[in-house]
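What follows is a set of notes on a single structure, which appears directly below.
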Amino acid sequence: MSALASAGYVTDVAYVPGFYPQLAPVAVRFVATLNRVTPPSVADGFRYLELGCGLGRSLTALAAANPRGEFIGVDINPEHTAAIAHNIEAGGLTNARIITSDFANLPDDIRDLQFIALHGVYSWVAPQVRADILRIASERLAPGGLLLVSYNAMPGWAHLQPIRGILRQYAALRQGDSLQRMRDAVTYLAFIRDQHAKYFDDNPRAAAFVDTIRSQDPRYLAHEYLNEHWTSFYFAEVAEQFGGAGLTFAGSLPVHTNFWDLCVAPGFQELFRTTTNRLVTEAHKDFCANTAFRWDIYAKQPRLMPGTADRLRLADDFWFRTTRPDIHLPYSVNLGVVTSTVQGQPYEMLLEKLSGKGRRLSEIVSDPDFKGFAADDLSRAVDAGVAMRLFDISVEPFVDPLPSLGNAISLPCRFNRAMLATDLFSGRGLALASRVTGTALTIGDLEAAILSEMLTSVDDDLPARVDALMASRDRVLQREGKPVTDPAERRQRITEAYEAFRTTILPQLEQQGVVTRGG
Ligand SMILES: C[S@@+](CC[C@H](N)C(=O)[O-])C[C@H]1O[C@@H](n2cnc3c(N)ncnc32)[C@H](O)[C@@H]1O
């Protein structure tokens, strides 16, 4: 691979696999809907491009979860694309394809896209590569199409930028591949922090951040910090760049960031009430929350949906459902900066009505029990409920929990079976695709091992079998970062994890159609 093609991006070390639900069409469409932007219709199929898809866990899981979509991934690193091609084949995905290319040489036929996503790319590539990205957005996104871009944001990165600087400068002096040089640089960073370099004494949060860095995967660190052109942006800079490509800001993830009263402290709320310019509001919000990372959505030639009636006509294909059966009001949640509480109506009734299979907004607003509430108020309550994690969204009705037909379970989706084999004990969890949610749920390594053994048979010996499976793969159960060596304690901990999996995660997987009962 030529240095020119990668333009200073690390290519000698493969990245880490990871599934990011923010990239799901359902998430991006929902944010557009919240912001009164008509999302692309997906009922008759759609085209989705991921730029810089890494090892492709998001791309492939989303393809498995959205059979009506055509998913195309592009990455410059042939080690990444070979692994993705293998997973596409093993998972039997006929709606996903992977291309080894830089962004400048994307094949001509990749156009008329309803979605473009790029995660972990925009802040880390050279200015000319960002220009390639903007050209792709401008030329290849269909009118009404949506683009998701993530980036390191200011002001949250302000006190951390020097850490990136010193890591890169020290790594450049060392020998070996990016991984080795990164390890050496982290050791040096910890040394100067521990020796009380004044920068760290003056910036206690940066000093604490060194411990975060030490706990992170060196493959991730190499890709995060060693690229030549790493930078962080203010929201307004990115908005201006995408604006130049003909795209308009259409909201952000996580969902609660679209509700300023959920992400700024009460002292600032008057300022937000009187500011109508969204670009200004976003800048204020980033200062109030000290935002260090943003997930922004842009629309090409957005068609607006001014009222709830328009939304019901153009974007009524989300099902809303309570996240857990045990939620009681008043319900409080802190999403980072401010604690918000909901109580009373319409939430009491919504919690009751949205249990089970879930409902669409049209069903909620036409329900006679809600007749005292205006459609606008109900839709705002439902949306805020999603933001506050009272409700989940899905693209199909959730599967009604069935009476248990015995203990035997199966994984009907071939992709999920293939990824269980590939990602068991990956150290990064296992993303299980669901056609009901249109996205995937990531479970931890121990849960994946339990699931793997449950698929064989469920009996009293299951914890012992999980213990043996871990031993056969040289995996050691940890407690507070230390290996659990006592076999009785290990068995006890696995038994507890099995109980928690059976009573909390397994019912969710059943309702999402990922796991079926009865073998
Ligand atoms: C930090 S990784 C993120 C991967 C993936 N999106 C994820 O979140 O797991 C950035 C990816 O962009 C790819 N990349 C960087 N510059 C590129 C370019 N000019 N053309 C194509 N791919 C590029 C890298 O190979 C890498 O896989």
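The values are calculated or read from the model by the stated rules, or taken from the named source; none is laboratory data. Nothing here was measured: the structure is a model prediction, and the numbers come from that model. A quick note on method: Cβ atoms are made from the backbone with ideal geometry, for glycine too, and the neighbour counts reach across all protein chains shown.
The strands (runs of 3 or more DSSP E) falling completely within the range 13-130 include none with 3 or more residues that are modelled with pLDDT under 95, within 9 Å of the ligand (Cβ to nearest atom) and touching a Leu at 6+ places or on another chain (Cβ under 7 Å).
Per-residue answers, yes or no, for (1) acidic (D, E); (2) at pLDDT below 95; (3) under 26 Å from P21 (Cα atoms); (4) surrounded by fewer than 18 Cβ atoms within 10 Å (Cβ to Cβ):
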position: S138; (1), (2), (3), (4): no, no, yes, yes
position: V149; (1), (2), (3), (4): no, no, yes, no
position: D184; (1), (2), (3), (4): yes, no, no, yes
position: I192; (1), (2), (3), (4): no, no, no, yes
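Answer yes or no as to whether T495 is in the same structural domain as L441 (by TED's automatic domain parsing), assigned to a helix (DSSP H, G or I), in contact with a Pro (Cβ under 6 Å, 6 or more places away or on another chain) and of a type in the set (S, T, N, Q). For T495, the condition - in the same structural domain as L441 (by TED's automatic domain parsing), assigned to a helix (DSSP H, G or I), in contact with a Pro (Cβ under 6 Å, 6 or more places away or on another chain) and of a type in the set (S, T, N, Q) - is met. Screening the range 353-375 for residues that are at pLDDT below 95 and of a type in the set (D, E, K, R) and picking the one that is surrounded by the most Cβ atoms within 10 Å (Cβ to Cβ) gives K357.
With respect to the stated conditions, F268 fails to be aromatic (F, W, Y), in the same structural domain as L134 (by TED's automatic domain parsing), in a helix (DSSP H, G or I) and within 28 Å of the chain's Cα centre (by Cα). If the Cβ limit is 7 Å and pairs must be 6+ apart or interchain, which residue in the range 48-61 that is in contact (Cβ under 8 Å) with a residue 40 or more places away in the chain pairs with which residue that is of a type in the set (S, T, N, Q) and more than 8 Å from the ligand (Cβ to nearest atom)? Note: pairs meeting the criteria are Y48/Q114; G56/N87; T60/N87.
Among the numbered criteria (1) assigned to a loop (DSSP other than H, G, I, E, B); (2) surrounded by 21 or more Cβ atoms within 10 Å (Cβ to Cβ), which one does V382 miss? Failed condition: (1). Evaluate the following for R389: is it more than 25 Å from A85 (Cβ to Cβ) and either at pLDDT 95 or above or hydrophobic (A, V, I, L, M, F, W, C) (or both)? The answer is yes for R389. For R475, the stated conditions hold: it is in contact with a Phe, Trp or Tyr (Cβ under 6 Å, 6 or more places away or on another chain), of a type in the set (D, E, K, R) and in the same structural domain as M419 (by TED's automatic domain parsing). Pairs linking a residue in the range 66-86 that is in contact (Cβ under 8 Å) with a residue 40 or more places away in the chain and in the same structural domain as I98 (by TED's automatic domain parsing) to a residue that is away from the ligand (no atom under 14 Å from the Cβ) and of a type in the set (S, T, Y), with Cβ atoms under 6 Å and 6 or more positions apart or on different chains, do not occur.
From the list E228, E224, E240, the one residue that fits, being modelled with pLDDT under 95, part of a helix (DSSP H, G or I) and acidic (D, E), is E224.
Checked against the criteria, Y220 does not count as in the same structural domain as V13 (by TED's automatic domain parsing), closer than 30 Å to L49 by Cα and within 16 Å of the ligand (Cβ to nearest atom). Of the residues making up the range 412-428, those that are crowded, with 19+ Cβ neighbours inside 10 Å and not aromatic (F, W, Y) are C413, N416, A418, M419, D423. In the range 303-311, is there at least one residue being at pLDDT 95 or above, closer than 30 Å to D44 by Cβ, among the hydroxyl-bearing types (S, T, Y) and under 22 Å from the mean Cα position of the chain (by Cα)? No, the range 303-311 has no match at all.
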